[in-house]
Amino acid sequence: MLIGTHLGKATREAFAGQGGAEAMWKFALEDYTCALLALLGIGFVFGQRRWDCLFPVVWLATEVLARLWHRPFWPFHWLHLAVPLAWLAGIGVQGMWDKLKSYEWTTFRRPPYKGLAVLAVFSLLISLALVEMPGKIQRELARFPQGDDSGNWRVVDKMKEYQGQTRWVFADSAIFPFHAKLLVPPEIAVLSNKRLKAGLITQADLLEILKRYRPEQALERRGVFGEAIQEWFRRDYTLIMQEGAVKLYVRNDLVKEADKPRIDTHEHESPKG
């Protein structure tokens, strides 16, 4: 299931516009100083025949070829390229430093023009890297989830209240039943966007799983369940808790009295004459 989802033809076709050279180029521009230093590193590896440093070159080439074929390209995939790039950038910095030390700087009979040129390039690249670093750190930190997640833990605590009566949880985010130490049907243990968009699992499949397992609890966070499943929830389950986008349902025959929806009797009283 997992290998087919990641490498299958259906996934590549569903995400045809999310990957390839364009995606890599976008992230390379964000790390352009590292990429430039890595190019220098590759130059030193081949120019000086430093075959002991060939491994990161092969690693980078393999990743580039794989990403040209593989779809989609998620932001965290850049890490697969960033590691060999950083390695090669270090080789580039060391190579330029060794080059600078090889020039004769103590005599002024003939100015070391090549050395000055190398020094200028070295200083420029290092300065750009240092100038870019604060902005890059801010961009990376902005990618981390923000906000208070205490509501999610309240949902987990509520799920634990029904732990003794629960065998299965029908959930689009398996992390919630995981923390509640509850099981999800194996077919939806990994309900990824790839499987859904590529049609590797359909709404009909999900409804069939729901009917077959008759889970005691159901949880929805990502909004991936279609109208047929929503109708099943409305008919056979009670929404006992909602925290933001997270909705927790319990099967009607198991709902505790304290979790049943409250009905304001004043709204249904007949007007007094």
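Among the residues of the range 159-167, are any in contact (Cβ under 8 Å) with a residue 60 or more places away in the chain and small (Gly, Ala, Ser)?
There is no residue in the range 159-167 that is in contact (Cβ under 8 Å) with a residue 60 or more places away in the chain and small (Gly, Ala, Ser).
Confirm whether residue 14 is of a type in the set (Gly, Ala, Ser) and modelled with pLDDT under 80. Give the steps one after another, and end with the answer.
Working: of a type in the set (Gly, Ala, Ser): yes; modelled with pLDDT under 80: yes.
Yes; evaluated as a whole, the condition is true for this residue.
Please specify each residue of the range 61-73 satisfying the condition of being at pLDDT 90 or above and not hydroxyl-bearing (Ser, Thr, Tyr).
If we filter the range 61-73 for residues that are at pLDDT 90 or above, which is where we start, we get 61-62.
The one that is at pLDDT 90 or above and not hydroxyl-bearing (Ser, Thr, Tyr): 61.
Tell me the residue from 150, 173 that is polar (S, T, N, Q) and in contact (Cβ under 8 Å) with a residue 40 or more places away in the chain, please.
Numbers: 150 fails: in contact (Cβ under 8 Å) with a residue 40 or more places away in the chain.
Unique residue meeting the criteria: 173.
Taking the condition of being closer than 30 Å to residue 138 by Cβ and either more than 27 Å from the chain's Cα centre (by Cα) or acidic (Asp, Glu) (or both), how many residues in the range 38-57 meet it?
Total meeting the criteria: 4.
May I ask you to list the residues in the range 205-221 that are in contact with a strand residue (DSSP E or B) (Cβ under 9 Å, 6 or more places away or on another chain) and loosely packed, with under 15 Cβ neighbours inside 10 Å? Working first, answer last.
If we filter the range 205-221 for residues that are in contact with a strand residue (DSSP E or B) (Cβ under 9 Å, 6 or more places away or on another chain), which is where we start, we get 206, 209-210, 213-221.
The answer is 214, and nothing else.
Which numbered condition in (1) part of a helix (DSSP H, G or I); (2) at pLDDT 80 or above; (3) surrounded by 11 or more Cβ atoms within 10 Å (Cβ to Cβ) is the only one that residue 120 fails?
Going through the list (1) part of a helix (DSSP H, G or I); (2) at pLDDT 80 or above; (3) surrounded by 11 or more Cβ atoms within 10 Å (Cβ to Cβ), residue 120 breaks only (3).
Taking the range 178-204, which residues are in contact (Cβ under 8 Å) with a residue 40 or more places away in the chain, surrounded by 14 or more Cβ atoms within 10 Å (Cβ to Cβ) and assigned to a loop (DSSP other than H, G, I, E, B)?
190, 192, 198, 200
Residues to consider are 188, 209, 126, 175; find the one that is of a type in the set (Val, Ile, Thr) and not assigned by TED's automatic domain parsing to the domain that holds residue 241. Let's see the steps before the verdict.
On the way: 188 fails: not assigned by TED's automatic domain parsing to the domain that holds residue 241; 209 fails: not assigned by TED's automatic domain parsing to the domain that holds residue 241; 175 fails: not assigned by TED's automatic domain parsing to the domain that holds residue 241.
The unique qualifying residue is 126.
If residue 26 satisfies every condition in (1) assigned by TED's automatic domain parsing to the domain that holds residue 81; (2) modelled with pLDDT under 80; (3) farther than 29 Å from residue 120 by Cα but one, which is the exception?
If we test residue 26 against (1) assigned by TED's automatic domain parsing to the domain that holds residue 81; (2) modelled with pLDDT under 80; (3) farther than 29 Å from residue 120 by Cα, just (3) comes out false.
Consider the range 123-149. How many of its residues are under 30 Å from the mean Cα position of the chain (by Cα), surrounded by 11 or more Cβ atoms within 10 Å (Cβ to Cβ) and of a type in the set (Gly, Ala, Ser)?
1
Out of the residues in the range 131-155 meeting the condition of being part of a helix (DSSP H, G or I) and of a type in the set (Asp, Glu), tell me which one is modelled with the highest pLDDT. Break it down stepwise before answering.
Kept after step one, since they are part of a helix (DSSP H, G or I), are these residues of the range 131-155: 131-142, 150-155.
Next, only the ones that are of a type in the set (Asp, Glu) stay: 132, 140.
Details: 132: 78, 140: 73.
Going through the qualifying residues, I end up with 132.
Out of all the residues in the range 143-156, is one or more in contact with a helix residue (DSSP H, G or I) (Cβ under 9 Å, 6 or more places away or on another chain), of a type outside the set (A, V, I, L, M, F, W, C) and within 21 Å of residue 225 (Cα to Cα)? Working first, answer last.
Initially, the range 143-156 is screened for residues in contact with a helix residue (DSSP H, G or I) (Cβ under 9 Å, 6 or more places away or on another chain), giving 143, 152-153, 155-156.
This time we only want the ones that are of a type outside the set (A, V, I, L, M, F, W, C), so: 143, 152.
This time we only want the ones that are within 21 Å of residue 225 (Cα to Cα), so: 152.
Taking every residue of the range 143-156 in turn, at least one turns out to be in contact with a helix residue (DSSP H, G or I) (Cβ under 9 Å, 6 or more places away or on another chain), of a type outside the set (A, V, I, L, M, F, W, C) and within 21 Å of residue 225 (Cα to Cα).
The values are calculated or read from the model by the stated rules, or taken from the named source; none is laboratory data. Keep in mind that what you see is a predicted model, and the values were worked out from it rather than measured. Neighbour counts are summed over all protein chains in view; Cβ atoms, including those assigned to glycine, are modelled from backbone coordinates with ideal geometry.
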